[in-house]
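Since the structure comes first, as structure tokens, the remarks are kept for the end.
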Amino acid sequence: MANILVTGGNGFIGSHLVDRLARQASVVVFDRRERRYDPLPPGVRAVSGSLSDRDLIRNALTDFGIDTVYHLAWSSIHESATRRPLADIESNLMPTVSLLDACRETGVRRVIYVSSGGTVYGLPQAGAVAEDHPTHPINAYGVTKLAVEKYLGAYRHLYGLEYVVFRPSVPYGPRQNPLGRQGAVAVFLYRALRGDPIVIFGDGQTSRDFFFVTDMIEPLARAGLGDEGVNQAFNLGGGRSYSLNELVAAIGDAVGRSPAVRYEPARLIDAPRVCLDCRAALDAFGWRPTTSLAEGIRQTAAWMRAAQILS
């Protein structure tokens, strides 16, 4: 049985991943947050702390005999990373390189890293962006995400550390924080359910290929539990791009009323369109998204109501 450590395992994507991995592996969550929305699965162990604590992460890798690491922990978003790039480097890039050093020193075999398909490519030069598209990020978040990819390639060359990189577009679903400044589906849906106005930067024609979080998990799990896709990067997305105006309309259908919308000036940190070509993930993992936007919104709304986070 694989011994797996998941950084950021109490977060939105990480918690769903931990639930899936726990069915087939011994899993350790490493997260600065001590709690998550739902209880940890039976048998999953947890280490609370920061990746900046080099001794803590190294001891966790050693004490639990970790052979595979999923790296999801990240403390910035597009806006905050661009506003404070040095802080982004200090809180994300430097601890990640320290993590890679700890993996090399303790005999970890493979690192699976969640990068960003929405930012590492920059301005799209094609309709659906494939993995060989030029990488020219237009915000600091994409720069640091891409830098980690480059470090993984270097550590593979220098030390033999295996990796798999995933570049998701815009996942959404239960357990996503609806009070943040990113995650349009969760934020918009939360405000619509409360009767609050939705804020859109630009004219609403900005588009993204949103996809449901549980659709994202299976290829991630297979990358750590099997040998598919080693030392490669893979896009993960919804297969179709929806404008923010279309998203608002779909949310209105789900909640039974048209949400109020307030438009504000567009931001330079936002690419006008994100739509990823995911054929490589289909070839390697037999993967394609299966949850429609309407169904995903319905499930997310049901979770928000059940979790009693709308008050």
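Calculated over the stretch 67-200, the projected area of the Cα convex hull averaged across directions stands at 9.5 nm². Output the antiparallel fraction of DSSP beta bridges having both residues in the chain, as a percent to the nearest 5. Close to 5 percent.
Going from the residue with the fewest nearby Cβ atoms within 10 Å to the one with the most, 40, 86, 220 rank 86, 40, 220.
Counting every alpha-carbon pair across the stretch 163-311, the share separated by more than 18 Å comes to 58%. Scaled against 2.2 N^0.38 Å for its residue count N, the alpha carbon radius of gyration of the stretch 73-114 is 1.35. Scaled against 2.2 N^0.38 Å for its residue count N, the alpha carbon radius of gyration of the stretch 53-99 is 1.36. For the stretch 141-212, applying the loop criterion from DSSP together with a ceiling of 11 other beta carbons within 10 Å to the trypsin sites (Lys or Arg not before Pro) yields 181. At q = 0.14, 0.26, 0.30 Å⁻¹, work out log10 I(q)/I(0) for the stretch 1-49 with the Debye formula, treating every Cα as an identical point scatterer and leaving solvent out; two decimals please. Taking Cα atoms of the stretch 1-49 as identical point scatterers yields -0.25, -0.91, -1.22.
A Gaussian network model of the chain, with springs between Cα atoms under 10 Å, assigns the largest mean-square fluctuation among 43, 153, 204 to 43. Over all other residues within a Cβ to Cβ distance under 11 Å of residue 93, the charged ones net out to 0, with Lys and Arg as +1 and Asp and Glu as -1. Taking the three principal axes of the alpha carbon atoms in the chain, the coordinate ranges are 54, 42, 39 Å, sorted in descending order. Going from the fewest other Cβ atoms within 10 Å to the most, the residues 216, 1, 304, 94 appear in the order 1, 94, 304, 216.
At q = 0.10 Å⁻¹ the log10 of I(q)/I(0) for the stretch 1-151 amounts to -0.37, computed by Debye summation with a single uniform scatterer per C-alpha, solvent ignored. Net charge around residue 40, counting only other residues with Cβ within less than 14 Å of its Cβ (Lys, Arg = +1; Asp, Glu = -1)? Spelling it out: positives minus negatives among the neighbours equals +3. Taking the stretch 249-311, which trypsin sites (Lys or Arg not before Pro) meet the DSSP loop condition and have no more than 12 other C-beta atoms within 10 Å? Hits after loop and neighbour filter: 257. Once both labels are positioned 7 Å from their Cα atoms along Cα-to-Cβ, the gap between residue 267 and residue 249 label points is 2.5 nm.
Remark: relative contact order (the chain) = 18 percent; criterion is Cα-Cα distance under 8 angstrom and separation of 6 or more residues.
None of the figures in this text is laboratory data; all of them are computed from the coordinates on show. Fair warning: this is a prediction, and the values are worked out from it, not measured in the lab. Positions of Cβ are backbone-derived with ideal geometry, glycine not excepted, and every protein chain shown enters the neighbour counts.
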